[in-house]
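Trainee: Below are the structure tokens for one structure; questions will follow.
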Amino acid sequence: MKKLFYDGSCKLCRREINLLRDKLTAHIQLVDISAPDFEGFAGVSKQQMMQQIHLWQDDHFIIGIDATLHYWQIAGYRKLVSLIKLPPCYWIAKKAYGFWAKRRQSCTNNQCDI
């Protein structure tokens, strides 16, 4: 089964997962990496996973915007995913995700300064 590793201490991350939970749980195991007992998975540490969202599929990770697009597709947002995958949109989405991921750590504990 696929596994989506998300940061439950991030208010925005948690909100998105809670909104999509019913659409995802039949296809993806949701793993909150902010849990005190989570240490990592498949050789990737908790600290590394806190940098970007990780989705485990078969025997490898899909990371960052690609992971997001993957679970959005599963959740039924196929048209949106198709649009974002177009070259100019994908480039912008990838840059925006990178910007967000670098600043996301300030959004833990129900605080967000972005």
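The values are calculated or read from the model by the stated rules, or taken from the named source; none is laboratory data. Since this is a predicted model, take the numbers as computed values, not measurements. Positions of Cβ are backbone-derived with ideal geometry, glycine not excepted, and every protein chain shown enters the neighbour counts.
Trainee: Scan the range 1-31 for residues that are closer than 15 Å to A67 by Cβ and surrounded by 14 or more Cβ atoms within 10 Å (Cβ to Cβ) and report the count.
Mentor: Of the residues in the range 1-31, 15 are closer than 15 Å to A67 by Cβ and surrounded by 14 or more Cβ atoms within 10 Å (Cβ to Cβ).
Trainee: So, restricting to helices (runs of 4 or more DSSP H) that lie completely within the range 1-76, which ones have at least 3 residues that are of a type in the set (A, V, I, L, M, F, W, C) and touching a residue at least 24 places away in the same chain (Cβ under 8 Å)?
Mentor: Result: 11-24, 65-74.
Trainee: Another one. Among the numbered criteria (1) surrounded by 15 or more Cβ atoms within 10 Å (Cβ to Cβ); (2) over 13 Å from the mean Cα position of the chain (by Cα); (3) over 12 Å from L55 (Cα atoms), which one does G40 miss?
Mentor: Status for G40: all satisfied but (1).
Trainee: Okay, moving on. So, in the range 76-87, exactly how many residues are surrounded by fewer than 13 Cβ atoms within 10 Å (Cβ to Cβ) and among the charged types (D, E, K, R)?
Mentor: Adding up the residues that qualify gives 2.
Residue-wise test of (1) out of contact with any Ser or Thr (no Cβ under 9 Å at 6 or more places or on another chain); (2) on the phi < 0 side of the Ramachandran plot; (3) among the charged types (D, E, K, R).
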| residue | (1), (2), (3) |
| --- | --- |
| A42 | yes, no, no |
| L55 | no, yes, no |
| A67 | yes, yes, no |
| A75 | yes, yes, no |
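Trainee: Now for a separate question. Inside the range 15-57, can you point out the residues that are closer than 15 Å to W72 by Cβ and aliphatic (A, V, I, L, M)?
Mentor: Within the range 15-57, I17, L19, L20, L24, I28, L30, I53, L55 meet the criteria.
Trainee: Evaluate the following for Y90: is it more than 15 Å from the chain's Cα centre (by Cα), surrounded by 14 or more Cβ atoms within 10 Å (Cβ to Cβ) and assigned to a helix (DSSP H, G or I)?
Mentor: In short, yes.
Trainee: Any chance you could count how many residues in the range 93-114 are of a type in the set (A, V, I, L, M), modelled with pLDDT of 90 or more and surrounded by 12 or more Cβ atoms within 10 Å (Cβ to Cβ)?
Mentor: The number of residues fulfilling the criteria is 1.
Trainee: Would you be able to say whether some residue in the range 47-54 is closer than 18 Å to Y6 by Cα, at pLDDT 95 or above, surrounded by fewer than 13 Cβ atoms within 10 Å (Cβ to Cβ) and not basic (K, R)?
Mentor: no
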